[in-house]
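Remarks on the structure that follows.
The values are calculated or read from the model by the stated rules, or taken from the named source; none is laboratory data. No experiment lies behind these values; they were computed from the predicted model shown. Cβ placement follows ideal geometry from the backbone for every residue including glycine, while neighbour counts extend to all protein chains displayed.
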Amino acid sequence: MNDSNQEHADFGNGLQPVTAKGLGELYPHIPATDIIHLSKQAFWDTDFNKLDYFSQANAIIRRVFDYGIWEDMLEVVSFYGEEKVKYALVTAPYLKELTTVFASKLFNIPIQDFKCSTTRQFHPIS
């Protein structure tokens, strides 16, 4: 990979940079289940074999950020890329309030830019 074509973001893990383009896009010939490894935390009621990581991308991203653990969030950002994750979260009709505040701080996006903050009653965390 050419470093001049990569955009990097630091998500506080201090271990590895995350490319703006997700691994799922960079390696489409590799099965998604070989690239992304999520815990059962966010998908306690789901059969992983039935997840379609491409057609259900927005739902997977949103669920991981609402219910997943930090490692799951890093996996999602690595797999889908930062821009796709930000888009999925900003356009979500519903996110938990804590998720919205967290994503706002993590990606430096104003809360009012999140669709869910304008489509439901929203009271920021003090």
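Would you say VAL101 is crowded, with 19+ Cβ neighbours inside 10 Å and part of a helix (DSSP H, G or I)? The answer is no for VAL101.
Residues checked against (1) modelled with pLDDT under 95; (2) of a type in the set (Ser, Thr, Tyr); (3) under 27 Å from GLU97 (Cα atoms):
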| residue | (1), (2), (3) |
| --- | --- |
| PHE11 | yes, no, yes |
| VAL18 | yes, no, yes |
| PRO28 | yes, no, no |
| THR33 | yes, yes, no |
| THR46 | yes, yes, yes |
| PHE54 | yes, no, yes |
| ARG62 | no, no, yes |
| MET73 | no, no, yes |
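Of all the criteria given as (1) part of a helix (DSSP H, G or I); (2) at pLDDT 90 or above; (3) of a type outside the set (Ser, Thr, Tyr), the one not satisfied by ALA42 is (1).
Which residues, counting only those in the stretch 52-91, are of a type outside the set (Asp, Glu), in a loop (DSSP other than H, G, I, E, B) and closer than 12 Å to ALA32 by Cβ? Write out each step before concluding.
So in the stretch 52-91, the residues of a type outside the set (Asp, Glu) come out as 53-65, 67-70, 73-74, 76-81, 84-91.
Narrowing further to those that are in a loop (DSSP other than H, G, I, E, B): 53-56, 68-69, 81, 91.
Passing the criteria: TYR53, PHE54, SER55, GLN56.
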